[in-house]
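**Q** Let me give you the structure first, and then I'll get to my questions.
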Amino acid sequence: MKKRTRVACLSLAFLLTGLSFQLTKQLPSGNQPGTEHVLRSFSTEEGQALHPLAIGPGLVNLSPSDEFSTYQWGLKNDGEFRLVELKSKFQSVDNVYDGLKSGMGLGLPKPGPGDYESKVTKAVAGIDIDIQPAWEAYEKTGEKRSVIVAIIDTGIDIKHQELKDSIWTNPGEIAGDGLDNDGNGFVDDIHGWNFYSGNNKVFLGSEDSHGTHAAGTIGAARGAYGIAGITDNHYVKIMPLKALGGKEGTGTPEAVIQSIRYAEANGASICNLSMGTTAYSEELAQTIKNSRMLFVVSSGNGGISGLGYDTDINPVYPASLPFDNVISVANILFDGTLSKESNFGAKSVDIAAPGTYILSTIPGNKYGFMSGTSMSAPMVTGVAAMVYSYRTDISLSDVKQILLNSSRKLDSLQGKVVSGGLLDAYSALNWK
């Protein structure tokens, strides 16, 4: 029996054991602050398991027609956010007494205010991917290249209002006729394929929140609804490939391999892999190495301690694969420091991108915050697609070096990632 993966997914909750968060922002007069979300995360690494690497607001004038774009700090950081962490001073043993109430309704007292201490992390203006001037430059250029981005993940809500015009459609297939019109071995693969279940259902519901979130960062409609995606959906299309699924968001290396082969055979040039495992698969490694696609991969969110570690010493796959067509991505916080949960590696992690409290699409025309290197990778994927579309003078193999060389160098990233820098969209478009 094949091992399946455990997803390091996140869910919205209102408290954490021993730790709680508040993310706040000063809003202009007349604006009402939105609900403050607290995130709870789960992270395990088992065997050959490949799992999304996640634990899971921006700016006025970023995209005025998008109601929630003011919370997209990763695209434009105005320095007005702060993260307030409430940490218990003592080890929590509440679970020992769960349910131990007397018949009279008496119980143990709850911890008081003096049992907690707060830590405040303030945003630093300009710690973002500098997307606005990149959008302006992209719109002014005439000739652009069409790009297909494969997202191999959980499924994607292809009917989400932000994504419906960004989804790839198979030109050789006729919807609903039950035939394999293009002869590629997949019946009615109109918008991709579900390699987890072996059918064309690329969206099943809430279990596909992770993939839907990644898709929104890359390709949400700009100037239309709630948030702004990085790419222009007239030129960049998203190919949904569901390789992870079920209640725990699990999958196999074989499903990922099949997804990669499908993506390349059907025209994708860039592939987002917000997943990882500590187990090495030779077949997966060779599949990636021999592919013509560019792979953007999340570097991982540490181990059981919740702290990121050096993947030069303890590799995470496929992020640690030493291939020219792999970009491994770390998670930078909005104060310009590497997130404490993010893995790093002076030789094995290439670049950093925003990944903490990233607002994007979730199923059912909704939006939610997620955090982790799973959120950082789509930032890089989106800019990679934008650069490849804009720079018709370059080959796909040039994109990685352009992104690394054009990154904004930060002292906090020196010795932590190969480039020593933060993803910079505008610099990448203009890199010579």
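The values are calculated or read from the model by the stated rules, or taken from the named source; none is laboratory data. In this text, all values refer to a predicted model and were calculated from it rather than measured experimentally. FYI the Cβ positions are ideal-geometry reconstructions off the backbone, even for glycines, and counts take in every protein chain you see. Heads up: the accessible areas ignore ligands, DNA and RNA and are worked out on the full protein's heavy atoms, side chains in. Shrake-Rupley method; radii C 1.70, N 1.55, O 1.52, S 1.80 Å.
**Q** Against the condition under 18 Å from the mean Cα position of the chain (by Cα) and on the phi < 0 side of the Ramachandran plot, how does Ser320 come out, does it pass?
**A** On the way: under 18 Å from the mean Cα position of the chain (by Cα): yes; on the phi < 0 side of the Ramachandran plot: yes.
So Ser320 passes the test.
**Q** Still on this structure, I have one more. Can you tell which of Ser389, Ser419 is among the small types (Gly, Ala, Ser), open to solvent by 10 Å² or more (accessible area, probe 1.4 Å) and farther than 28 Å from Gly249 by Cβ? Give the steps one after another, and end with the answer.
**A** On the way: Ser389 fails: open to solvent by 10 Å² or more (accessible area, probe 1.4 Å).
Every option except Ser419 fails the conditions.
**Q** Kindly indicate whether Ala263 is open to solvent by less than 10 Å² (accessible area, probe 1.4 Å), under 16 Å from Ile167 (Cα atoms) and out of contact with any Phe, Trp or Tyr (no Cβ under 6 Å at 6 or more places or on another chain). It would help to see each step written out before you state the result.
**A** Numbers: open to solvent by less than 10 Å² (accessible area, probe 1.4 Å): yes; under 16 Å from Ile167 (Cα atoms): yes; out of contact with any Phe, Trp or Tyr (no Cβ under 6 Å at 6 or more places or on another chain): yes.
Considered against the rule, which asks whether it is open to solvent by less than 10 Å² (accessible area, probe 1.4 Å), under 16 Å from Ile167 (Cα atoms) and out of contact with any Phe, Trp or Tyr (no Cβ under 6 Å at 6 or more places or on another chain), Ala263 comes out as yes.
**Q** Out of all the residues in the stretch 169-184, is one or more closer than 25 Å to Val329 by Cα, at pLDDT 95 or above and open to solvent by 30 Å² or more (accessible area, probe 1.4 Å)? Talk me through it step by step, then tell me what you get.
**A** If we filter the stretch 169-184 for residues that are closer than 25 Å to Val329 by Cα, which is where we start, we get none.
Within the stretch 169-184, not a single residue is closer than 25 Å to Val329 by Cα, at pLDDT 95 or above and open to solvent by 30 Å² or more (accessible area, probe 1.4 Å).
**Q** A follow-up question, please. Within the group Ala384, Ala377, Ala353, which residue is over 30 Å from Ile304 (Cβ atoms) and buried (at least 24 other Cβ atoms within 10 Å of the Cβ)? Lay out the reasoning, then the answer.
**A** Numbers: Ala377 fails: over 30 Å from Ile304 (Cβ atoms); Ala353 fails: over 30 Å from Ile304 (Cβ atoms).
Unique residue meeting the criteria: Ala384.
**Q** Scan the strands (runs of 3 or more DSSP E) fully inside the stretch 338-432 and keep the ones with 2 or more residues being closer than 20 Å to Leu163 by Cβ. Break it down into steps so the answer makes sense when it comes.
**A** On the way: elements: 351-354, 358-362, 366-370.
Here the list reads 358-362, 366-370.
**Q** So, of the residues in the stretch 104-147 that are at pLDDT 85 or above and aromatic (Phe, Trp, Tyr), which turns out to be nearest to Asp393 (Cα to Cα)? It would help to see each step written out before you state the result.
**A** The initial filter retains those residues of the stretch 104-147 that are at pLDDT 85 or above, namely 121-147.
After this cut, where a residue has to be aromatic (Phe, Trp, Tyr) as well, the list is 135, 138.
Values: Trp135: 19, Tyr138: 14 Å.
For the stretch 104-147, the residue satisfying everything is Tyr138.
**Q** Between a residue in the stretch 341-368 that is farther than 9 Å from His213 by Cα and any residue that is of a type in the set (Lys, Arg) and assigned to a loop (DSSP other than H, G, I, E, B), which pairs come within a Cβ distance under 8 Å, given they are 6 or more apart or on different chains?
**A** Going by the 8 Å Cβ cut-off, the qualifying pairs are Phe344/Lys416; Gly345/Lys416; Ala346/Lys416; Val349/Lys416; Ala352/Lys416.
**Q** Moving on. Given the conditions (1) farther than 15 Å from Thr361 by Cβ; (2) out of contact with any helix residue (DSSP H, G or I) (no Cβ under 8 Å at 6 or more places or on another chain); (3) among the hydroxyl-bearing types (Ser, Thr, Tyr); (4) open to solvent by 20 Å² or more (accessible area, probe 1.4 Å), which single one is not true for Tyr235?
**A** (2)
**Q** Further, regarding this structure: For the stretch 338-352, does any single residue satisfy the condition of being in contact with a helix residue (DSSP H, G or I) (Cβ under 8 Å, 6 or more places away or on another chain), of a type in the set (Lys, Arg) and at pLDDT 95 or above?
**A** Within the stretch 338-352, none of the residues are in contact with a helix residue (DSSP H, G or I) (Cβ under 8 Å, 6 or more places away or on another chain), of a type in the set (Lys, Arg) and at pLDDT 95 or above.
**Q** If you take the residues in the stretch 356-374 that are closer than 24 Å to Gly303 by Cβ and touching an Asp or Glu at 6+ places or on another chain (Cβ under 9 Å), which one is surrounded by the fewest Cβ atoms within 10 Å (Cβ to Cβ)?
**A** Of all residues in the stretch 356-374, those closer than 24 Å to Gly303 by Cβ come to 356-358, 369-374.
Then keep just the ones that are touching an Asp or Glu at 6+ places or on another chain (Cβ under 9 Å); that gives 356, 371-374.
On the way: Thr356: 29, Ser371: 26, Gly372: 31, Thr373: 36, Ser374: 35.
Applying the filter and picking the extreme gives Ser371.
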